[in-house]
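The structure appears below as structure tokens.
Values quoted throughout were computed directly from the atomic coordinates according to the rules given, and no laboratory measurement underlies them. Note that the structure is a prediction, hence the values are computed from the model and not measured. Backbone-built Cβ (ideal geometry, glycine too); neighbour counts: all protein chains shown.
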Amino acid sequence: MNKNKNKWWQNAVFYELYVDKFAGNFSNLADRLDYFEKLGVTCLHLLPHYPSPMVDDGYDISDYKNVKPELGTLDDFKKFIEEAHKRGIRVLADMILNHVSSMHPWFVDASSSKESPYRDYFLWSEKGEGYELGNNAFPHLKPKNWIWNEATQDYYYATFYAEQPDLNWNNQKVVDDMYSVMDFWIDIGVDAFRLDAISFLIKKEGTKCESLPETHEVLKKLRAHLNEKNPEVALLAEVVCDTLDTTMNYFGNGDECQLAYKFPMAPRMILAAKRNETTVEDISTKLPIPDTCHWAIFLRNHDDLVIQLTDEERGELLGSDGRLAQFKFRDELCLAARMATIFNGERKPIENAFKMLLSIEGTPIIYYGEEIGMENDLSQGEQRDTRRYVRGNFDWESAKQQMEDPNSLFSFVAHEISEKKKRDQLIAVEIPEEPKEAEAVAVA
């Protein structure tokens, strides 16, 4: 294990949440910080908090430099950040660089006239042709990525929902404006950003428009910009449905993202937990990464679980009774289900899963409600986008009971986090302090 103890993200315990689902608004979230301290969380991962039409639960942003009114004001956000930092809790914000909402002022203007100054912020086609090999992320929701625009009688490109037009990152004005957005939140106090769908950033004819060399060039420049702004700001790369060999490229030579999701580990840990196992093979041990970087590991999150297993293992995980069929997303390879739903309410497999999450190498991320055994939310009825089943309101009644019960799942998870921190401290002691710049010069 090779860690630089001065890099906070390597020893952090993240907790991913929707502000409204968890606490209602930022003022209430500030009042709930005791919960995270008791659990042992050191960084809060905020799912999108920006103004949005909510077509994609906030991933369709209409204003990057504000807070969704239902969550409060910018001042409320600043006060929340201040209170979190007082307790030693950092804050990560979701940053969506690939696309905006079709209601964002840039696209509203660009889609109204071909003479718009924002026209080149987006990708257009007279015939709806081009990037034919590009991935349609939601084939069950739209037939193709080219979307008809009536006002200008042509098509715009959207990898995800039709209401999420992709930005043109070959336009320097887009680059400058998105730098400005990230600087804005850093000035307020944000410590890190999750880079949503980052592998789709650059589009190029004749390619799958994923993980292109040009995307890494963008990230290296972004990292350099952030290093000038604040070198302690961390970037977490979301690279879905790809091999770890490809994903590790997002670390660069330590000059891109400090964190990247180890996606294939999630279904492996859940399957092992279902088998009543508490250990799992780490499939990345032969992939050396820069000392300043770390894999981000998780069990569940706000999206579907991409089941990167063999057909036999997939069948074992899904079960033969068809109970989980209603939660499949897109195809047989994706499942939108919380652990308690997957394990049919059994506690032991959840404990097994958390024991693995908090013992293997990597920065753990806990999805809200998993630590108290929340199940899928069926109260909202049948959902075309089945991911919404895992995005229900936090169960505070259960949480309060479990916080006071030393034998609860919450207490078990808190204990495992505490044990992880003890191990990390022992490792940190074994790593000598890096000499300060002045000392290093003197020695030389």
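Among V390, V413, a tally of other beta-carbon atoms within 10 Å of each Cβ gives an order, fewest to most, of V413, V390.
Rounded if a/c is under 1.5, else prolate if a/b is larger than b/c, else oblate: which is the stretch 355-410, with a ≥ b ≥ c the root eigenvalues of its Cα gyration tensor? Verdict is oblate for the stretch 355-410.
Starting from the Cα-Cα distance between H225 and W148, subtract it from 0.36 nm times their residue separation and give me the gain in nm to one decimal.
24.1 nm
Residues considered: P117, P69, P139. Largest GNM mean-square fluctuation over the chain, using C-alpha springs under 10 Å, is found at P117. Ranking V240, G128, I365 by how far each Cα lies toward the positive end of the dipole of the chain (charges on Cβ) leaves I365 at the top. Distance from the Cα centroid of the stretch 323-352 to that of the stretch 264-302 is 17 Å (rounded to whole angstrom). Among K400, K142, the ranking by other beta carbons within 10 Å of each residue's beta carbon, starting with the fewest, stands as K400, K142. Modelled this way, with points 7 Å down the Cα-to-C-beta line, the labels at E312 and D63 are 5.6 nm from one another. Compactness ratio for the stretch 105-157: Cα radius of gyration over 2.2 N^0.38 Å (N = residue count) comes to 1.16. Placing pseudo-labels 7 Å out from each Cα toward the beta carbon at N253 and N393 gives an inter-label distance of 5.3 nm. For the stretch 104-260, the dipole from Cβ point charges (+1 on Lys and Arg, -1 on Asp and Glu) about the Cα centre works out to 220 debye, to the nearest 20. Put simply, the amide H of Y261, placed in the peptide plane, has neighbours under 5 Å in A237, V239, A296, leaving out anything fewer than 5 places away on its chain. So, R0 is 35 Å and r is the distance between the beta-carbons of A325 and K204; what FRET efficiency does that work out to, to 0.05? According to the calculation, E is roughly 0.40. Enumerate the calculated ³J(HN,Hα) couplings along the stretch 136-146 in order (Karplus 6.51 cos²θ - 1.76 cosθ + 1.60, θ = phi - 60°), each rounded to whole Hz, writing x wherever the residue is Gly or Pro. Values, residue by residue: 8, 5, 10, x, 7, 10, 8, x, 7, 7, 8 Hz.
State to the nearest 20 debye the size of the charge dipole of the chain about its Cα centre, where the only charges are +1 on K and R beta carbons and -1 on D and E beta carbons.
Details: 51 positive and 76 negative charges, 111 e Å.
Magnitude of the dipole: close to 540 debye.
Within the listed set S125, S320, S52, the residue fluctuating most in the Gaussian network model of the chain (springs between alpha-carbon atoms under 10 angstrom) is S320.
A simple charge model with +1 on the Cβ of Lys and Arg, -1 on the Cβ of Asp and Glu and nothing else charged puts the dipole of the stretch 105-157 at about 180 debye relative to its Cα centre.
If the chain linking K114 and N136 were pulled fully straight, counting 0.36 nm for each residue of separation and taking away their Cα-Cα distance, it would gain 5.4 nm. Considering only T159, T246, T386, the Gaussian network model of the chain with Cα springs below 10 Å gives its largest mean-square fluctuation to T246. Over all other residues within a Cβ to Cβ distance under 10 Å of N376, the charged ones net out to +1, with Lys and Arg as +1 and Asp and Glu as -1.
Multiplying the residue separation of E232 and H85 by 0.36 nm and removing their Cα-Cα distance gives an extension gain of 51.5 nm. Relative protection proxy for 87-95, 419-427, from highest mean packing down: 87-95, 419-427 (other beta-carbon atoms within 10 angstrom).
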